[in-house]
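Okay, structure first, notes after.
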């Protein structure tokens, strides 16, 4: 085996010597350059590991050890950790590439040309510069963090990723929206501090409204005290009362103030409980009514079938008189006597 590897090593050495002679390089200089490159890239790797360690440490310090909920402090820590990793990776790569090039060429003129080129690019890429400035102020003013539910640039969803250039949202259908920060002119944060679910319950006019409100208050109070759900509330539920009158019934409004981002699941559970409770209490929900009036075939002035939407007509009402009973002595042929 050594007899086979020896010729191969000699051939590689000869090839390397020819390459060094072509560029007028000495083996000692190349060994020194190679050592510097190894040290440079090793330091870059160590720096990247330190950046990741700091990012993990930031997340760990903010962890409140409640896996079912994510506090504002945890969301902000996750956002800062993402920015540390993205910014740290960019800075380390730029420095490493510059130090690597320095071993082969004079980078002074290159850096000067790069600065001039960067200035020219900045004028041509004003939207990109605007994105970075907007991202900086989003982070500085703490407008939103990873995990918040926001609406921006005509799109809404949960913030999955945030950088100085763009924000990544995922909506309820799973679609990912990538929005440059410079396009965010108006921002709506749905999970800052607390959230609220607005529940409108429609019931028919033939119910005792005071009794319905009492039932809803009992159900809301029991829901707020439920051990499995009380941790998701930020305050006690509030039944406001009659909100509006409609063609089909009365609307009663209930407000559920919850922890950030939990309004959806709380609202769905409360609706389920309300449906079951109203059914058990015999309370009728709001529903449209239709009255079908069938007129005699010989009455040419009115259609044979008339559909009236809304409340059923009252007999004898002048606005909607009841159909006339057919005359048993009348001739079946119109106009005949």
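Go over the candidates 239, 254, 266 one by one and state the one that is assigned to a strand (DSSP E or B) and within 26 Å of residue 156 (Cα to Cα). Give the steps one after another, and end with the answer.
Details: 239 fails: within 26 Å of residue 156 (Cα to Cα); 266 fails: assigned to a strand (DSSP E or B).
It is 254.
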* To do: Kindly indicate whether any position in the range 63-70 is at pLDDT below 80, in contact with a helix residue (DSSP H, G or I) (Cβ under 8 Å, 6 or more places away or on another chain), farther than 30 Å from residue 159 by Cα and loosely packed, with under 12 Cβ neighbours inside 10 Å.
  => no
* **Which listed residue, of 163, 248, is over 30 Å from residue 131 (Cβ atoms), modelled with pLDDT under 90 and not assigned by TED's automatic domain parsing to the domain that holds residue 80** => 248
* Single match in 38, 54 (criterion: surrounded by 12 or more Cβ atoms within 10 Å (Cβ to Cβ), at pLDDT 85 or above and in a helix (DSSP H, G or I)) -> 54
* To do: Pick out the one residue from 234, 200, 206, 210 that is surrounded by fewer than 15 Cβ atoms within 10 Å (Cβ to Cβ) and under 30 Å from residue 144 (Cα atoms).
  => 200
* Structure fact -> Filter the range 176-187 for residues that are outside any loop (DSSP other than H, G, I, E, B) and over 11 Å from the mean Cα position of the chain (by Cα); the one that is surrounded by the fewest Cβ atoms within 10 Å (Cβ to Cβ) is 178
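Residue under question is residue 173, and the condition is that it be modelled with pLDDT of 90 or more and assigned to a loop (DSSP other than H, G, I, E, B); does it hold? Let's see the steps before the verdict.
Values: modelled with pLDDT of 90 or more: yes; assigned to a loop (DSSP other than H, G, I, E, B): yes.
Yes.
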* Asked: Within the range 147-166, is there a residue that is free of Cβ contacts under 8 Å to residues at least 60 places away in the same chain and over 28 Å from residue 267 (Cα atoms)?
  -> yes
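The values are calculated or read from the model by the stated rules, or taken from the named source; none is laboratory data. Computed from a predicted model, the values in this text were never measured in an experiment. In this analysis, Cβ positions are derived from the backbone assuming ideal geometry, glycine residues included, and neighbour counts consider all displayed protein chains.
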